[in-house]
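So the structure is just underneath, and the comments pick up after that.
The values are calculated or read from the model by the stated rules, or taken from the named source; none is laboratory data. Everything numeric in this text was worked out from a predicted model, so none of it was measured. Cβ atoms come from the backbone with ideal geometry, glycine included; neighbour counts cover every protein chain shown. These area figures cover heavy atoms from the full protein model, side chains too; ligands, DNA and RNA do not enter into them. Shrake-Rupley method; radii C 1.70, N 1.55, O 1.52, S 1.80 Å.
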Amino acid sequence: MDVLQQLSTANLIAQTYGFAIGTLLATLLLILVWRSGGTDRRPRFLFAACILIANASGLAKNLVLALDASRASALAWQIRSIGFIAAAMVPLSIMIIWRDNAVSKARRKIGDVLIIYAASSGLLIATGLVFGTFAHQASLPSSIAGFLQRQDSIGNLTIYNGLLLVVLGAIFLLPGTLDDLTNRVAVVLIIAGLALSSISAVLDAYVSLPTALAHIFRIARFQSIVLVVIGSLFYFSRFRAADLFAKQAVRLLLSAALAIFAAFLVFGPLASIAQATASPRAVSILCAAAITCGAMMLYARLRRWSDTLVERGIFGKRDTQLAVREFRDGLGLLQSKSAVLSAMQALAVEVLGMKSGEISIHNAEPRAGVSLSVPIPSQGDTLQLVVSLAGNRRTLLTAEIDSLREIALHAGRRLDDLDREEERMESIRLESRLSQQLAQAELRALRAQINPHFLFNSLNTIAALIASDPDKAETITVRLAGIFRYVLLHADRPFSSLDEEVSFLRTYLDIEQVRFGERLQVEFDVEASVVHAAVPSLILQPLVENAIKHGVAPKVGVSRILVQAKRRGGLILLSVEDDGMGLDTRRDRDKALGTGVGLQNIRERLQTMYGSTASLSVTNIESGGSRAMLEIPAGEQRDADSCVPGR
């Protein structure tokens, strides 16, 4: 076999493989277009069908030639002509879609002109191909008949005409419609495929090239259309799993390129070298095996690179495993079930690329028609992560389902941790209250104490900061010690000055702000006339703690707490206001009515100290949140160690 025959064989193999890849991609595109729906499904279906026919015709023609049919075979000639006819109609479908998407009336008028030209030129080229292939041409002038019989020349017109129309359409119809990177990449691929095919056709027809280089451009002349098919997968097929199909398309393209390169090596230079050896067949087999092994290893690396490029470079998608790990690591910072479930739902939406309304969390068995229900393994309520496939998204991949199960597993563990913490805190609070009621019958038994939950959270915060920020951990430890020192010093003092109480609250809230970060903002508004007034010790801290627990903690985003103190006539008004969740739940309403342990404690203290002249009220704020208001008699500016008024 001489070099020319070797290159012809490699040419046939490479083109057959390329047409097979194009046929597979076009079939995929046709199926996706059919399933996607939409008002412009017909022109998109026409585009996909024409691309499929063009590639399938090329594949069938090469298979005919591979069965020892001569190049002048009537069957191969007719099959090739059908492929060119289908390709001639491709620009028409593109112009129809781009015209419908144009952003102005003037651009749509230009689109009408381009559609007329695309239809006319496509029909003219198709007519020429029909006459040149199927009609009897004895009645035609010899010059026309000769041109019509030059199938390659008419086929090149198809390529040139397609490039001209696509470029004109991109200039006049697309501005203002390419709103994301994916669409822009798609159009670039379509234009690049037609441009490379046109350049290869021109070089093959009009430039004298070395034999090997001529075969390369002859292959590129038709195989560049694969880029058009891939670009169409991005632009024309409207489905949410486009990234998965795009990755498969790029993988096929890589494998085709490696296969073509291997074919040239095996049937080209290596075949010549093998012929010069004592055992040509053995050398050829060994070389083919080595090249195949190397191509497979190279493909494995290129596939990972191409997947990353499609996910991050084109679709801007984060690595799923990395996102799940970040979710797992951040769960420890979430202090409420609602926050955990919200974070879980948001991550599921990101992983699946769906709308938030299509993914929900239910506390019961899923209703009929639900596509997927993933249990959240928690010892508390039976929760389900429910995915409702709608629109164009009809299936979930195994990898996506596995990711959802992993997310649900981490969320369930955090929910169990929160349940155990709540049980411990509730037990501690109950024991503390019972012990207080039994051991203290006097005023000290009615004084609010620092909630052990606060101590627990503070110690957790300190433990977390020891490794990452030891200086801040030391600062928080000092402030925590100051809080408990204040409590111990005022254990037997029924009153403190308002200035001391405000200073104590600032220290308390400094620690809470470390725990909540930028989510918690604090303001104090204290009139100078009441700074030295005597107020019950630790009377404000339970109200602030209540605002954080029931208003700030469940709320997503930034929350604000405002502490105010002012004199109004013979009363001192003390208020703690938050813009959190408000008193919407039954539990919060019960607390507002006085059945909660903390607020009931305050009411009993006020009754003991002031009788009916003091009061506590908790109300909703119209703009959002709640306000706890204390009204106590102003009395005189006196020492905080003085006795209870009226006693």
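What are the residues in segment 42-79 that are among the basic types (Lys, Arg), at pLDDT 80 or above and open to solvent by 20 Å² or more (accessible area, probe 1.4 Å), if any? The one that is among the basic types (Lys, Arg), at pLDDT 80 or above and open to solvent by 20 Å² or more (accessible area, probe 1.4 Å): 42. Pairs meeting the criteria (first residue in segment 78-101 and closer than 21 Å to residue 224 by Cβ and without any contact (Cβ under 8 Å) to a residue 24 or more places away in the chain, second residue open to solvent by 30 Å² or more (accessible area, probe 1.4 Å) and assigned to a helix (DSSP H, G or I), beta carbons under 6 Å, at least 6 apart or on different chains) are 79/60.
In the condition set (1) surrounded by fewer than 21 Cβ atoms within 10 Å (Cβ to Cβ); (2) at pLDDT below 90, residue 523 is compliant with all but (2). Being at pLDDT 75 or above, closer than 30 Å to residue 541 by Cβ and open to solvent by 30 Å² or more (accessible area, probe 1.4 Å) is the requirement here; does residue 402 meet it? No, not satisfied. Every condition in (1) open to solvent by 70 Å² or more (accessible area, probe 1.4 Å); (2) under 54 Å from the mean Cα position of the chain (by Cα); (3) modelled with pLDDT of 85 or more; (4) of a type outside the set (Gly, Ala, Ser) is met by residue 576 except one, and the failing one is (1). Please verify whether residue 513 is touching a residue at least 24 places away in the same chain (Cβ under 8 Å), closer than 30 Å to residue 337 by Cβ and of a type outside the set (Val, Ile, Thr), treating the condition exactly as stated. So residue 513 does not fit the description; no. The residue of segment 494-520 that is most open to solvent (accessible area, probe 1.4 Å), among those that are within 21 Å of residue 570 (Cα to Cα) and in contact with a helix residue (DSSP H, G or I) (Cβ under 7 Å, 6 or more places away or on another chain), is 494. The set of residues in segment 527-545 that are open to solvent by 50 Å² or more (accessible area, probe 1.4 Å) and of a type outside the set (Ser, Thr, Tyr) comprises 527, 528, 532.
Considering segment 15-41, and only residues there that are at pLDDT 65 or above and of a type in the set (Gly, Ala, Ser), the residue that is most open to solvent (accessible area, probe 1.4 Å) turns out to be 20.
On inspection, residue 200 qualifies as in contact with a Ser or Thr (Cβ under 7 Å, 6 or more places away or on another chain) and surrounded by 17 or more Cβ atoms within 10 Å (Cβ to Cβ).
Among 221, 238, 251, 304, which is at pLDDT below 70, out of contact with any strand residue (DSSP E or B) (no Cβ under 9 Å at 6 or more places or on another chain) and charged (D, E, K, R)? Let's see the steps before the verdict.
Values: 221 fails: at pLDDT below 70; 251 fails: at pLDDT below 70; 304 fails: at pLDDT below 70.
Among 221, 238, 251, 304, only 238 is at pLDDT below 70, out of contact with any strand residue (DSSP E or B) (no Cβ under 9 Å at 6 or more places or on another chain) and charged (D, E, K, R).
Filtering segment 466-521 to residues that are more than 45 Å from the chain's Cα centre (by Cα) and acidic (Asp, Glu) leaves 492, 499, 500, 501.
Checked against the criterion of being open to solvent by 20 Å² or more (accessible area, probe 1.4 Å) and at pLDDT below 75, the candidates 227, 244, 233 yield just one match: 244. Residue 482 passes every criterion in (1) open to solvent by less than 30 Å² (accessible area, probe 1.4 Å); (2) closer than 25 Å to residue 615 by Cβ; (3) modelled with pLDDT of 80 or more apart from (2).
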